[in-house]
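The values are calculated or read from the model by the stated rules, or taken from the named source; none is laboratory data. The structure displayed is predicted, hence computed values, not measured ones. Ideal geometry is used to build each Cβ from the backbone, glycine not excepted, and the neighbour counts take in all protein chains shown. Accessible surface is based on the protein model in full, side chains and every heavy atom, while ligands, DNA and RNA are left aside. Shrake-Rupley method; radii C 1.70, N 1.55, O 1.52, S 1.80 Å.
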Amino acid sequence: MERYWNEEIECMSREDMKKLQDERLVKQVKHVYENVPYYRNLMDEKGVTPEDIKSTEDLHKLPFLTKSDLRDAYPYGLLAKPLSECVRIQSTSGTTGRRVVAFYTQNDIDLWEDCCARAITAVGGTNEDVCQVCYGYGLFTGGPGLNGGSHKVGCLTLPMSSGNTERQIQFMRDLQSTILCCTPSYAAYIGETLHDMGYTTDDIKLKAGIFGAEPWTEEMRRSIEKSLGIKAYDIYGLTETSGPGVSFECSEQTGMHINEDHFIPEIINPETEEVLPDGETGELVFTSITKEAFPLLRYRTRDLCVLTRKKCSCGRTLIKMSKPMGRSDDMLIIRGVNVFPSQIETVLIEQGYTPNYLIEVDRVNNTDTLDISVEMNPEQVSGDVRDSEKSLAVAIKTMLGISPKVHLVEPKSITRSEGKAVRVIDRRKLHD
Ligand code: ADP
Ligand code: ZN
């Protein structure tokens, strides 16, 4: 039986949800216009006033915000509440440049944790569960977000943070954790360590994992599910909109339900900024309609995905987004061909390799080079390595359309990730 944290909202009729969004949007635009001079200027430049925004149909009239606006306005330029009403900051991981700082009132924290509670409930979590949170705690939103959600649900919460993997497994066994929250790359590492320590899935009680904060493929999902003996669910979010819990997966595991009562999603063509219909791939844009301290309107996430309103078997009516295949700026252009690291990961796991790999791109004599180092499994070491490298290179070429140089390397020679994995080194940037 599917469980909901807030059935009224999660299963609300389209009509009622739209009404709720309309009301909240109108109020939010007014709040931002009156309290955030930076955004008021953008609206003035576009000739839009709060009175022009009467419902979600008018959303397209509002100007976009980008990460570079956030950097320009750093640190207080987008703050919409006096600091005396703010109780916390969090910050981005800085994966793609300078960190961004987001502010929260107590109410913002409550709503954020509520979104995370929906995610935990959707994977079957109740107050009977033991929830081990191994996302990083601190400035990163992963740890604090899931920690708060886990408290709300009433799970026994293990605030482990990331790292010290053998201790993670000791606690997992001693306290019989049933839900694991961390990045997918760390989940893979925890699974690997469990088996290295001589245990099997029979030695742990885990049933579900809530993994996000970085792109991961379906192949990676299956590999983690097998190694930990669990169901692995996706969760998505970003510091700019609160943190994890903007959207979450349900039992169907075919995309993540967006908490539309707080975030209105749009998909746009990243080049033309034109709004695209549901079902088309483009850049995800969010408007926060309930956030008080840091309410971003039409924020361009740079994450590429598809939205769908197809009926979901879980009963939730919240719109679904597909797994983001990466950010528009994760895309590598190699010899004129668009390459996403996730495409390479798909081939590697399909061909029986581990998700431990490193992609290196460089430019030699004006030609782009693509080198992929992939770890072998122990049983692959005794085979003909040259042959395996060749056939893997062919499989990758079939997927990408360009030939890589594949290097099979010793088991355990590639650094494991305890947070967001760094799997690409683009040296061309150093020459530019
Ligand atoms: P940073 O932008 O520095 O990485 P955040 O920690 O706020 O800062 O990360 C948010 C970003 O992480 C998202 O914009 C997205 O690119 C990525 N992300 C988060 N969850 C997922 C997920 N489930 N799948 C793919 N990417 C994700
Ligand atoms: Zn569903």
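Sort by residue number and report every cysteine in the chain with no other cysteine beta carbon within a distance under 4.7 Å.
When partners are defined as cysteine Cβ atoms under 4.7 Å apart, the chain leaves Cys11, Cys86, Cys115, Cys116, Cys181, Cys305, Cys312 without one.
If you count only protein heavy atoms and use a 1.4 Å probe, how large is the accessible surface of Phe340, to the nearest 10 Å²?
About 20 Å², ignoring ligands and nucleic acids.
Applying the Karplus parametrisation 6.51 cos²θ - 1.76 cosθ + 1.60 with θ = phi - 60° to the phi angles of segment 127-140, what ³J(HN,Hα) value in whole Hz is obtained for each residue in order, glycine and proline being reported as x?
Result, rounded to whole Hz: 6, 8, 8, 10, 10, 9, 9, 10, 6, x, 9, x, 5, 4.
In µm²/s, what is D for the chain at 20 °C and 1.002 mPa s, where D = kT/(6 pi eta Rh) by Stokes-Einstein and Rh is the Kirkwood radius from Cα pairs?
94 µm²/s
Order Leu83, Leu304, Leu180 by their accessible area, 1.4 angstrom probe, all chains in place, largest first.
The most accessible residue leads, giving Leu83, Leu304, Leu180.
Quick one: ranking Leu348, Leu276 by accessible area, 1.4 Å probe, largest first, what do you get?
Solvent-accessible surface, decreasing: Leu276, Leu348.
Using per-residue counts of other Cβ atoms within 10 Å, averaged over each peptide, order 186-194, 116-124, 409-417, 316-324 from highest down.
116-124, 186-194, 316-324, 409-417
Would you mind computing, in nm to one decimal, how far apart the modelled labels at Arg386 and Glu7 are, each placed 7 Å from Cα along Cα→Cβ?
Distance between label points: 6.6 nm.
How would you rank 216-227, 286-297, 8-19, 365-376, highest first, on the average number of other Cβ atoms within 10 Å across their residues?
286-297, 216-227, 365-376, 8-19
Provide the net charge surrounding Pro295, with neighbours chosen by a C-beta distance below 14 Å and charges set as Lys +1, Arg +1, Asp -1, Glu -1.
Once all neighbours under 14 Å are counted, the net charge is +1.
Using a 1.4 Å probe on the protein heavy atoms, what percent of the accessible area of segment 308-414 belongs to carbon and sulfur?
Carbon with sulfur: 51 percent of the solvent-accessible area.
Quick one: accessible area per residue over the chain, 1.4 Å probe, rounded to a whole number of Å²?
43 Å²
Considering only C-alpha atoms, what is the centroid distance from segment 287-304 to segment 1-34, in Å?
Each part's Cα centre sits 15 Å from the other's.
Please state the relative contact order of segment 58-204 as a whole percent: Cα pairs under 8 Å, 6+ residues apart?
Reported relative contact order: 19 percent.
Quick one: which of 264-274, 379-389 comes out on top by average Cβ neighbours within 10 Å, and what's the full order, highest first?
Per-residue Cβ counts within 10 Å, averaged per peptide and sorted highest first, yield 264-274, 379-389.
Where does the Debye-calculated log10 I(q)/I(0) of segment 1-132 sit at q = 0.09, 0.10, 0.18 Å⁻¹, using only Cα point scatterers of equal weight, no solvent?
The calculated log intensity ratios at q = 0.09, 0.10, 0.18 Å⁻¹ are -0.38, -0.47, -1.21.
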